[in-house]
Amino acid sequence: MKILIVDDFSTMRRIIKNLLRDLGYNNTAEADDGSTALPQLMNGSFDFLITDWNMPNMAGIDLLKAVRADARLKDMPVLMVTAEAKRDQIVEAAQAGVSGYIIKPFTADTLREKIDKIFERINAGG
Amino acid sequence: MRARQLERARQLVVHIEAEDDEAANRLIEEMGRMHESLLFEELGKLTRDLHEALNAFRLDSRLSEITKNEIPDAKERLNYVVAMTEQSAHRTLNAVEESLPMAESISRQAKDLYKAWQRFRHREMSTQEFRLLAQEVEAFLERTGGDGESIRRNLSDVLMAQDFQDLTGQVIRRVIHLVQDVEENLVGLVRISGERLAVPEPKRKESKGAGDGKGSGPAVPNTSDGSSDVISGQDGVDDLLSSLGF
């Protein structure tokens with residue numbers, strides 16, 4: 001399981017990376033923005049994407065849309081971890097095909113729960 | 001212009017020499033009117049310039065908008081930063097204060113047990129003493145298992161407490177953005193008052209929010225964020241998503 005963590009704050013990337021390691025996911029890579037994440041996704045064999053929304057060049061929502069629009073990446077599960085909490089934004093992310101949505105600040109339990117749920121759904125073939 | 005005036009002046013001389021008073025008076029009146037209309041034209045232009053400058057000033061209402069809403073907002077945002085950083089520091093310090101004595105006690109007890117174990121290995125220990133040592137080792141192993149778990153939990157908490165850097169960083173960037181906006185508008189204001197009738201280009205910056213795709217950072221209480229439709233907490237998000245069929 002190879003996971004890409006995208007957030008413009010290196011501290012948040014480290015937090016997520018550590019939490020993932022706690023959950024048994026050791027194979028992670030990082031990107032600081034949608035525009036650097038997308039080439040990594042295109043080149044690397046990632047299985048899972050965790051992304052922030054509010055980033056300088058390419059926002060997480062645009063990264064999500066780009067992933068869903070790409071023939072090879074479109075089925076990749078995408079978990080949004082963000083401080084953006086407006087109803088419109090959550091609806092927009094849902095419509096863009098987000099697999100899960102976590103509001104910052106979040107707990108380790110929430111992250112585990114959402115990741116488990118996403119994989120449950122994938123394994124159920126949904 | 002001058003040629004026309006000269007021509008009229010010559011004509012005037014001709015009229016006066018011909019003692020045609022009526023024609024001369026008409027010409028003088030006409031020339032006066034010409035001068036007046038020039039004056040009015042100039043005055044009209046000045047009035048229009050002034051009007052435009054005032055309009056531009058009013059168009060630049062961004063500044064009044066900033067002072068009315070965004071500066072008080074920015075103060076609340078910075079207060080939020082202070083509160084968040086304070087909370088994170090306390091969370092970290094609590095975890096450290098709880099963990100340090102445990103780590104110290106594990107280290108001290110392990111050293112004591114090691115010394116006793118060495119005595120046992122060198123056959124310097126009576127059976128009675130060994131029985132005591134065995135009990136101590138058992139108690140130590142049990143305690144260390146529990147303390148190790150507590151320390152691990154506290155370190156996790158320290159890890160999670162660092163999320164303040166992301167959350168406050170987003171808020172601070174937003175305030176920096178506002179400060180730049182104020183600066184640009186003040187420079188515009190100085191330019192208006194400095195250059196007579198210079199028309200400044202109205203600076204219009206959309207305040208960041210949903211819709212531009214960029215996001216606006218954490219919702220800060222007691223700011224304009226409160227007026228937008230903000231979902232509170234993970235439960236609210238989960239409810240909304242499940243209502244959308246997730």
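Are there any GluC sites (Glu not before Pro) in the stretch B:58-162 that are in a DSSP loop and have at most 12 other Cβ atoms within 10 Å? List them by number.
Values: sites: B:Glu65, B:Glu70, B:Glu76, B:Glu86, B:Glu97, B:Glu98, B:Glu104, B:Glu124, B:Glu129, B:Glu136, B:Glu138, B:Glu142, B:Glu149; in loops: B:Glu124.
Sparse-neighbourhood loop GluC sites (Glu not before Pro): B:Glu124.
Ordering B:Met34, B:Met1 by how much accessible area each has at a 1.4 Å probe, largest first, what is the list? Don't skip to the end; give the middle numbers.
Details: B:Met34 35, B:Met1 115 Å².
The most accessible residue leads, giving B:Met1, B:Met34.
Taking the Cα centre of the stretch A:26-111 as the origin, how large is its charge dipole in debye, to the nearest 20, when only Lys and Arg (+1) and Asp and Glu (-1) carry charge on their Cβ atoms?
With only Lys, Arg, Asp and Glu charged at Cβ, the dipole is about 220 debye.
For chain B, which longest stretch is free of loop sites, where a loop site is one of the trypsin sites (Lys or Arg not before Pro) that DSSP puts outside H, G, I, E and B and that has at most 15 other Cβ atoms within 10 Å?
With trypsin sites (Lys or Arg not before Pro) excluded where exposed in loops, chain B gives B:1-122 as its longest stretch.
Placing unit charges on C-beta atoms (Lys and Arg positive, Asp and Glu negative, everything else neutral), compute the dipole magnitude of the stretch B:1-136 about its Cα centre in debye, rounded to 20.
1860 debye
Please give me the summed charge of the neighbours of B:Leu39: other residues whose Cβ is under 13 Å from its Cβ, Lys and Arg +1, Asp and Glu -1. Display every interim value, and only then the final one.
Numbers: positive: B:Arg33, B:Lys45; negative: B:Glu36, B:Glu41, B:Glu42.
With Lys, Arg at +1 and Asp, Glu at -1, the neighbours total -1.
Hey, got the average number of other protein chain Cβ atoms within 10 angstrom for residues in A:106-118? Each step should come with its number before you reach the end.
Details: counts 4, 3, 4, 1, 3, 1, 0, 2, 2, 0, 0, 2, 0.
Mean inter-chain Cβ contacts per residue within 10 Å come to 2.
Lys and Arg at +1, Asp and Glu at -1: add these up for the other residues within a Cβ distance under 12 Å of A:Lys114 and post the number.
-2
So what are the ³J(HN,Hα) numbers for the stretch B:136-144, from phi and the Karplus equation (6.51, -1.76, 1.60; θ = phi - 60°), rounded to whole Hz, Gly and Pro as x?
Working through the residues one at a time gives 4, 4, 4, 4, 5, 4, 5, 4, 5 Hz.
So for the stretch B:7-162, taking the charge dipole from beta-carbon charges (+1 Lys/Arg, -1 Asp/Glu), which of B:Gln109, B:His15, B:Asn55 sits furthest toward the positive end?
Farthest towards the positive pole: B:Gln109.
How would the stretch A:1-114 be classified by its alpha-carbon gyration tensor: rounded, prolate or oblate, with rounded meaning a/c under 1.5 and the a/b versus b/c comparison settling the rest?
Because its axes are fairly even, with a/c under 1.5, the stretch A:1-114 counts as rounded.
Enumerate the amide H contacts of A:Gly100 below 5 Å, restricted to partners 5 or more residues apart or on another chain; note that Pro and chain-start residues carry no placed amide H.
Result for A:Gly100 returns A:Val78, A:Met80.
Take the Cβ-Cβ distance between B:Arg191 and A:Asn123 as r, set R0 to 45 Å, and report the resulting FRET efficiency rounded to the nearest 0.05. Numbers along the way, then the final one.
Values: r = 64 Å, r/R0 = 1.42.
Here the calculated transfer efficiency is 0.10.
Considering amide H positions built from the backbone, and no H for Pro or chain starts, which residues 5 or more places from A:Lys86, or on another chain, come under 5 Å of its amide H?
Answer set, sorted by chain and number: B:Ile231.
Let me spell out the model: positive unit charges on the Cβ of Lys and Arg, negative unit charges on the Cβ of Asp and Glu, origin at the Cα centre of chain B. What dipole size does that give, in debye rounded to 20?
Numbers: 33 positive and 45 negative charges, 261 e Å.
So the magnitude is around 1260 debye.
Report the FRET efficiency, 1/(1 + (r/R0)^6), for A:Lys74 and A:Asn27, where r is their Cβ-Cβ distance and R0 is 22 Å, rounded to 0.05. Walk me through the numbers before you get to the answer.
Working: r = 22 Å, r/R0 = 0.99.
Once rounded, the FRET efficiency stands at 0.50.
The values are calculated or read from the model by the stated rules, or taken from the named source; none is laboratory data. Just so it is clear, the model here is predicted, and its values are computed rather than measured. No Cβ is skipped: glycine too gets one built from the backbone with ideal geometry, and neighbour counts run over all protein chains shown. Each accessible area value is taken on the protein alone, full model and side chains, heavy atoms only, with ligands, DNA and RNA left out. Shrake-Rupley method; radii C 1.70, N 1.55, O 1.52, S 1.80 Å.
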